[in-house]
């Protein structure tokens, strides 16, 4: 469904610089776009591709607009404007409705007439499925769980009992919500499982990635706030609380009862120890381990830089005696001061 | 099903201090419990909530009992006593029995009459399912695999061929046991898969977390001992051997043929290199990498502390020349000694 | 199906030293092999088991052959020769063909007559399934996806839309290919999902491990080259490109738009930051974080060595002031030079 640049500018609410009668029908990267494509520049690393782009139109920040050889849609937030344009050019498929004959829906479950329950799904007793919710193939919804309006469970998603999703929550394939937390009491040398009696409460506009796991609470609920975005293969343990609009990249692990603030970002592979608290607006860089509460907003890091292996071996071994080294330096320093 | 405190004390085999006629019907945290709830104190971090708790009764260690404003169940192991109380107040649902009509069970599989095979399950040829075993929706059991008495496969669990579970094994949703190990021989620049011919042998009372993976052995079996507890998103490679009562937290990765001893704990995100051996009673703190065998019990750690990013940048770059720094200090030290 | 050593040597194309009329029927480790078993030595750590092995025959490198107490198959690549022998002694089951009655195959999907679609599978509109492809139980194939000849999807595999697999691709249980990438534009304090419009293109002879996730591209495809081997629980983000014959061990995370070269190896738990490029023949050791492009082949490492916890606490705290330490050493050094 091609659109003129004038139509696009109008729908996006941004300024067009260039021929409003031109049409685009698709989107592409700056480097590979042709005259039918809309492109964008949001990451400075790709700026070199702007000068030679053959795109039909490019979404650019005001300061980049002058460098474009082709028409420009000027936006203070080019990435968001691009996202909106992509949604206009590629509208998501209309929601399906009904229950696939192979799906098993308990008689006591309430499924909105506008929702879609896909093939091989299993919806247990007392579950509630909201308006226009879309369950892809082989999704499981546990007893008494509630799925809000316009949620999407893509495929092979598992919701166990007592899970509540707000509106517009998306779960990617293989995501598990409501598994039992890792709570065990030591008795002699054995571990005895502690009953996990809480649920999971997920707000509106939350995205949860493929094969990510979110455990139910032990007593109270595990809570994920509105607008939280979680990538693939993330582990969220029991009774974790995540504040609104926090974004969590792939392979992060959050231990039990940790509380993460609002508008935080956890980069890939970060680990959070249990029973601590991270305040709002904290950013943790990739693969850092957080072992204490963080009370001040800011960016935090841990880890060692990559080196050629031979150099690393020489340096890493010195970390075993870093304290001794520091003591020696102090001794030397005192000696120097004394002899000055 | 409310119980009097006297009844509870009796069933738990612990001392009650307070009014035995009072009743509780639920459990809650110290901070949020009301008069109908049993609470407990097991983690010192929450001790401040004891003085003001409104719980009906609290499970406490003897040394904490005097500080409680409400009746106390005195236990040397409050967390274990709480777990038992929670199981009494919230008994697990009675096991189901039978085979759901949508399940596919091969004619040559033996399913105990007291077991439950849930909707959409597939049980392959020669599989054996023990007494009272409970297979939730969409679980797969491979050829010749054996599931012991009272096992629970919650949902979307995959057991491939030649997997043997002892009694009372629980597998959380998305767990995979018996996938092919990552064994490959290099031929020129290509990797040729090496047939993975072993199985997986899992003992009694083992718990395996959501989306955790356990590979089959290459030749001999991968072995998980009695009482081992494994959290979510853990990777156990082929021919790993894990000793009894070892507990493994989320996101741990254990490489091929590593042997972990008994009563060990691996905290979240730990990585274990292949073909090494960790003795009994070893504890590894979060996100540490183990690259050599450990022959003495104790607690081991690796990793660097979290810092504000600007401080980290200054420090991290110095790790590249730590060896040089150490050499300089040695030189300075010798110089100082010589000039004393 | 027992074979004589002469037959085996002939089929493997290697030299036999010993009695060609002896027969073996199975494979085993050096330590546990009996007279009916073929064993091999590929890892020096196990060499001590050679002298006392009771195997029927051992595959050995020429330099080890003289130490064997039993017949030897001499190979320059014992592990590859063993793999081939194991395939001869344990040929994989003949491929099944047909569509299980419980599988749901869209009318517009093209399934080769020699392929097998297992129980509970769902094959969506426009999908194409190649010759002899084997779909195990509960696998999902999205709209328009193409599965090449001789592919194997073992169980509970999810392929979303626009995924293309070459020939002889194997996906272990729980693998997800084609999930939406983690692309979001910040608008105020909220994150707006960016439509993920690309697909995934996977070459020939690729293996993908259990519960591994591969996201579709945002605009262009995510690309995995021929012969790439990926272990369990790996996360491959949108628009990653992985070169031919690269091997990626368990729990690795690769962020968006990273490009990995050919013949690289990423050991367990490695993390790769987004939008960077790693050249061919780069090897990254376990749990290292890669934050910059790597332009020279070689082996690279990061991380700190494991220590007893008390020693680690003393040393780790010093990392917070490493820069200050280095400055002091420089000052001392200058002082010493000046006073010499």
Given the residues B:38, B:30, which is the only one that is within 29 Å of the chain's Cα centre (by Cα) and assigned to a loop (DSSP other than H, G, I, E, B)?
B:30
Restricting the search to the range A:140-161, which residues are buried (at least 24 other Cβ atoms within 10 Å of the Cβ) and either within 10 Å of chain B (Cβ to nearest Cβ) or part of a loop (DSSP other than H, G, I, E, B) (or both)?
A:140, A:141, A:142, A:145, A:151, A:154, A:155, A:156, A:157, A:158, A:159, A:160
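Just name the residue that is nearest to the other protein chains (Cβ to nearest Cβ) out of those in the range A:183-206 that are within 23 Å of the chain's Cα centre (by Cα) and assigned to a loop (DSSP other than H, G, I, E, B).
Pass one, the range A:183-206, residues within 23 Å of the chain's Cα centre (by Cα): A:199-206.
Filter again for assigned to a loop (DSSP other than H, G, I, E, B), leaving A:199, A:203-206.
On the way: A:199: 13, A:203: 12, A:204: 11, A:205: 7, A:206: 10 Å.
If we take residues in the range A:183-206 being within 23 Å of the chain's Cα centre (by Cα) and assigned to a loop (DSSP other than H, G, I, E, B), then A:205 is nearest to the other protein chains (Cβ to nearest Cβ).
For (1) surrounded by fewer than 23 Cβ atoms within 10 Å (Cβ to Cβ); (2) assigned to a loop (DSSP other than H, G, I, E, B); (3) under 20 Å from the mean Cα position of the chain (by Cα); (4) at the interface with chain B (Cβ under 9 Å from one of its Cβ atoms), each residue gets a yes or a no:
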| position | (1), (2), (3), (4) |
| --- | --- |
| A:263 | yes, yes, yes, no |
| A:269 | no, yes, yes, yes |
| A:274 | yes, yes, no, yes |
| A:299 | yes, no, yes, yes |
| A:303 | no, yes, no, yes |
| A:310 | yes, no, no, no |
| A:316 | yes, no, no, yes |
| A:328 | yes, no, no, yes |
For the range C:247-255, does any single residue satisfy the condition of being surrounded by fewer than 24 Cβ atoms within 10 Å (Cβ to Cβ), facing another protein chain (nearest Cβ under 9 Å), closer than 21 Å to residue A:269 by Cα and within 12 Å of the chain's Cα centre (by Cα)?
yes
Could you check the range A:60-102 and list, in sequence order, the residues that are touching a helix residue (DSSP H, G or I) at 6+ places or on another chain (Cβ under 9 Å) and under 30 Å from residue A:112 (Cα atoms)?
A:84, A:88, A:89
Reported set for the range C:73-88 where residues are surrounded by fewer than 23 Cβ atoms within 10 Å (Cβ to Cβ) and more than 9 Å from every other protein chain (Cβ to nearest Cβ) is C:74, C:76, C:88
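Whether any residue in the range A:163-179 is crowded, with 24+ Cβ neighbours inside 10 Å, over 23 Å from residue A:289 (Cα atoms), in contact (Cβ under 8 Å) with a residue 60 or more places away in the chain and within 14 Å of chain C (Cβ to nearest Cβ) is what I want to check. Talk me through it step by step, then tell me what you get.
Narrowing the range A:163-179 to residues crowded, with 24+ Cβ neighbours inside 10 Å: A:163, A:165, A:169, A:171-179.
When the remaining residues are screened for being over 23 Å from residue A:289 (Cα atoms), the result is A:163, A:165, A:169, A:171-179.
Still in the list and also in contact (Cβ under 8 Å) with a residue 60 or more places away in the chain: A:172.
After this cut, where a residue has to be within 14 Å of chain C (Cβ to nearest Cβ) as well, the list is A:172.
Yes, because at least one residue in the range A:163-179 is crowded, with 24+ Cβ neighbours inside 10 Å, over 23 Å from residue A:289 (Cα atoms), in contact (Cβ under 8 Å) with a residue 60 or more places away in the chain and within 14 Å of chain C (Cβ to nearest Cβ).
State yes or no: is residue A:107 out of contact with any strand residue (DSSP E or B) (no Cβ under 8 Å at 6 or more places or on another chain), farther than 26 Å from residue B:101 by Cβ and surrounded by fewer than 24 Cβ atoms within 10 Å (Cβ to Cβ)?
Values: out of contact with any strand residue (DSSP E or B) (no Cβ under 8 Å at 6 or more places or on another chain): yes; farther than 26 Å from residue B:101 by Cβ: no; surrounded by fewer than 24 Cβ atoms within 10 Å (Cβ to Cβ): yes.
Considered against the rule, which asks whether it is out of contact with any strand residue (DSSP E or B) (no Cβ under 8 Å at 6 or more places or on another chain), farther than 26 Å from residue B:101 by Cβ and surrounded by fewer than 24 Cβ atoms within 10 Å (Cβ to Cβ), residue A:107 comes out as no.
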Could you check the range C:1-27 and list, in sequence order, the residues that are in a helix (DSSP H, G or I) and within 24 Å of residue C:93 (Cα to Cα)?
C:5, C:7, C:8, C:9, C:10, C:11, C:12
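For the range A:227-245, which residues satisfy the criterion of being more than 9 Å from chain C (Cβ to nearest Cβ) and either surrounded by fewer than 24 Cβ atoms within 10 Å (Cβ to Cβ) or in a loop (DSSP other than H, G, I, E, B) (or both)?
Within the range A:227-245, the first condition is being more than 9 Å from chain C (Cβ to nearest Cβ), and the residues that meet it are A:234-243.
Residues satisfying the conditions are A:234, A:237, A:238, A:239, A:240, A:241, A:243.
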Among the residues of the range A:121-139, what is the count of those that are closer than 19 Å to residue B:100 by Cβ and within 12 Å of another protein chain (Cβ to nearest Cβ)?
8
Kindly provide the set of residues from the range C:118-139 that are crowded, with 24+ Cβ neighbours inside 10 Å and not in a loop (DSSP other than H, G, I, E, B), ordered by number.
C:122, C:123, C:129, C:135
Residues in the range A:216-226: is at least one in the same structural domain as residue A:283 (by TED's automatic domain parsing), under 27 Å from residue C:194 (Cα atoms) and in a loop (DSSP other than H, G, I, E, B)?
yes
Residues that are away from chain C (no Cβ under 12 Å) and surrounded by fewer than 12 Cβ atoms within 10 Å (Cβ to Cβ), drawn from the range A:30-72
A:48, A:51, A:52, A:63, A:66
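On the given criteria, is residue C:288 within 12 Å of chain B (Cβ to nearest Cβ), in contact with a helix residue (DSSP H, G or I) (Cβ under 8 Å, 6 or more places away or on another chain) and either modelled with pLDDT under 95 or under 23 Å from residue B:319 (Cβ atoms) (or both)?
On the way: within 12 Å of chain B (Cβ to nearest Cβ): yes; in contact with a helix residue (DSSP H, G or I) (Cβ under 8 Å, 6 or more places away or on another chain): no; either modelled with pLDDT under 95 or under 23 Å from residue B:319 (Cβ atoms) (or both): yes.
Criteria not met by residue C:288.
Among the residues of the range A:253-265, is any under 25 Å from residue A:221 (Cβ atoms) and in contact (Cβ under 8 Å) with a residue 60 or more places away in the chain? Give the derivation first.
Filtering the range A:253-265 for residues under 25 Å from residue A:221 (Cβ atoms) gives A:253-265.
When the remaining residues are screened for being in contact (Cβ under 8 Å) with a residue 60 or more places away in the chain, the result is A:256.
Yes - at least one qualifying residue is present in the range A:253-265.
The values are calculated or read from the model by the stated rules, or taken from the named source; none is laboratory data. None of the values given here were measured: they were computed from a predicted structure. Note: ideal-geometry Cβ built from the backbone for every residue, glycine included; neighbour counts use all protein chains shown.
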